[in-house]
Structures are given as structure tokens and as C-alpha cells.
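So the structure is just underneath, and the comments pick up after that.
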Amino acid sequence: MSKAKRLLDILMFVTSKKKFTAQEIAHEFHISIRTVHRYILDLSDMGLPIYSEQGRNGGYTVLTSRFLPPILFTEEEAVSIFYAFQS
């Protein structure tokens, strides 16, 4: 799976949750914790407002004041994206 596709999948996953941990993402996408941290840093660099809390009850939160709007595609756009990922 390409990095762009993985980042998009993680973006959709984190924006659907209030709070999440690196372990949850690692388990969901079958990747290492270190890779999760790199992807979170990449998403943050792209402008996703992620806040992290350290410690036993810590984790990540996407700041509520700047949620991303849902991604809506027409059927034609979705098919185009599907075939673009296949090529």
C-alpha cells in the first residue's frame, strides 16, 4: 500500500474518533508504533491539528476547533480515484 493511501486511511480514521492512541492505529493498520508516529508527524506537517498527551491516559486528539469537513465524492470521482489507486 502506498504511503499516500495509508495517510489518507489514517486521516479518515483519526477524524472519526475523539481520542486515539498510536497503539490503536498500529493495530488497525498492521504497522509498527514507530511508523504510526512518523505518519502522525506527516499529517501534522500537512496541517491536521493534532494534539498529543503523554502518560498512562494519554493519546492523540484532533482539535475540535478545526475539524476537517467530510470528504464527499460523486460516483464518477470515486470510480476515478479507485482506478487511480489500482494503477
Practice item. Choose one of VAL14, PHE73, ALA84: the residue whose Cα lies farthest towards the positive end of the charge dipole of the chain (beta-carbon charges +1 Lys, Arg; -1 Asp, Glu; about the Cα centre). Key: VAL14
Review point. Pick from THR15, THR74, THR35: which residue has the top mean-square fluctuation in a GNM of the chain where Cα pairs under 10 Å get a spring?
Key: THR74
Practice item. Give the accessible area for PHE73 in Å² (nearest 10); use a 1.4 Å probe, count only protein heavy atoms, and leave out ligands, DNA and RNA. Key: 120
Revision key, fill the gap. Measuring from its Cα centre, the chain shows a charge dipole (+1 at each Lys and Arg Cβ, -1 at each Asp and Glu Cβ) which, in debye to the nearest 20, is 420
Study note, to complete from the structure: With Cα springs under 10 Å, the Gaussian network model of the chain assigns the largest mean-square fluctuation among GLU75, GLU28, GLU53 to GLU75
**Study point:** Longest site-free stretch - the chain; sites: trypsin sites (Lys or Arg not before Pro), DSSP loop, at most 16 other Cβ within 10 Å
**Key:** 19-55
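Take every Cα pair under 8 Å in the chain that's 6+ residues apart, average their separations, divide by the length, and report that relative contact order as a whole percent. List each step's numbers first, then the result.
On the way: 52 pairs, mean separation 24.0, N = 87.
Relative contact order, the chain: 28 percent.
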Check your understanding: chymotrypsin sites (Phe, Trp or Tyr not before Pro) within region 1-67: which are DSSP loop residues with at most 16 other Cβ atoms inside 10 Å?
Key -> PHE67
**Study point:** Dimensions in Å of the chain - Rg and Dmax from alpha carbons
**Key:** 14.1, 45
Exercise for review: Any chance you could run the full-extension gain for LEU72 through PHE85? It's 0.36 nm times the residue separation minus the Cα-Cα distance, nm to one decimal.
Suggested key: 2.9 nm
Review point. Taking the Cα centre of each part, how many Å lie between region 1-29 and region 41-57?
Key: 12
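The values are calculated or read from the model by the stated rules, or taken from the named source; none is laboratory data. Values in this document were obtained by computation on a predicted structure and should not be read as measured data. Every residue, glycine as well, gets a Cβ built from its backbone with ideal geometry; the counts of neighbours run over all protein chains shown. Side chains are part of the model used for accessible areas, which takes the heavy atoms of the whole protein and leaves out ligands, DNA and RNA. Shrake-Rupley method; radii C 1.70, N 1.55, O 1.52, S 1.80 Å.
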